[in-house]
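Here is the structure we will look at.
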Amino acid sequence: MLKHPMEDDLNRRLVATLQAEGRISHAELAERLGVSRPTIIDRVKRLEENGIIEGYAARVSPASVLKPVVAFVAVRYRANNDEALELKLWRAIENEPDVLEAHTVAGEDCLLLKVVADTPLGMSERLRSIRALGPQVTTRTTVVLQTHFEKPGPSPFPAEVPVKKARRK
């Protein structure tokens with residue numbers, strides 16, 4: 001039985017390093033991880049082919065591109081098994097550059113979107129365009145006041161088991 005690529009310590013360290021520094025060279029990766037450059041090139045290629053590394057991109061602050069208003073938008077719609085409506089909705093959302101994330105969710109809502117805008121009025125316009133995608137599309141919006149952190153993805157390392165503190169007698 002083949003083991004999953006993320007069960008390998010070198011692969012985990014490699015992914016963690018690339019998450020922190022996506023522009024690091026293969027030579028620098030090899031030096032830091034104590035392996036040869038061809039080993040790194042082969043590992044990175046396999047991690048990409050297996051879909052573990054999905055791509056490389058610059059992380060850009062919304063405020064730095066003059067879109068400081070960030071919101072999470074819960075979207076509800078009644079498709080009644082209407083694939084055309086769902087396809088229209090997905091295409092419109094995917095083509096909207098200010099929708100940064102889209103997730104199908106369980107519960108009363110159908111989608112959860114992360115949307116950015118230049119002003120509160122701009123956010124209102126984006127919400128109006130989402131609601132205009134169908135006769136029964138509704139939104140519920142939570143505006144972000146402050147972002148404390150964002151991570152580039154989940155940690156490739158197993159979750160740490162909390163250490164219980166010794167009780168004093």
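Kindly indicate whether ALA92 is assigned to a loop (DSSP other than H, G, I, E, B), under 26 Å from VAL144 (Cα atoms) and out of contact with any Lys or Arg (no Cβ under 9 Å at 6 or more places or on another chain).
No, not satisfied.
What residue, among those in segment 80-97 that are at pLDDT 90 or above and of a type in the set (D, E, K, R), is nearest to VAL116 (Cα to Cα)?
Per the stated criteria, the residue is GLU96.
Kindly check whether there is at least one residue in segment 98-116 that is at pLDDT below 95, in contact with a Cys (Cβ under 9 Å, 6 or more places away or on another chain) and closer than 30 Å to PRO5 by Cβ.
yes
Within segment 124-158, which residues are assigned to a loop (DSSP other than H, G, I, E, B), farther than 30 Å from ARG12 by Cβ and in contact (Cβ under 8 Å) with a residue 12 or more places away in the chain?
LEU133, GLY134, GLN136, VAL137, VAL144 - these are the residues of segment 124-158 that are assigned to a loop (DSSP other than H, G, I, E, B), farther than 30 Å from ARG12 by Cβ and in contact (Cβ under 8 Å) with a residue 12 or more places away in the chain.
Using beta carbons and a limit of 7 Å, which pairs, at least six apart or on different chains, have the first residue in segment 102-120 and touching a residue at least 40 places away in the same chain (Cβ under 8 Å) and over 12 Å from VAL75 (Cβ atoms) and the second one hydrophobic (A, V, I, L, M, F, W, C) and outside any strand (DSSP E or B)?
Listed by first residue and then by second, the contacts come to ALA117/MET123; ASP118/LEU66.
The values are calculated or read from the model by the stated rules, or taken from the named source; none is laboratory data. Quick caveat: nothing in here was measured; it's all calculated off a predicted structure. Counting neighbours? That spans all protein chains shown, and the Cβs are built from the backbone with ideal geometry, glycine included.
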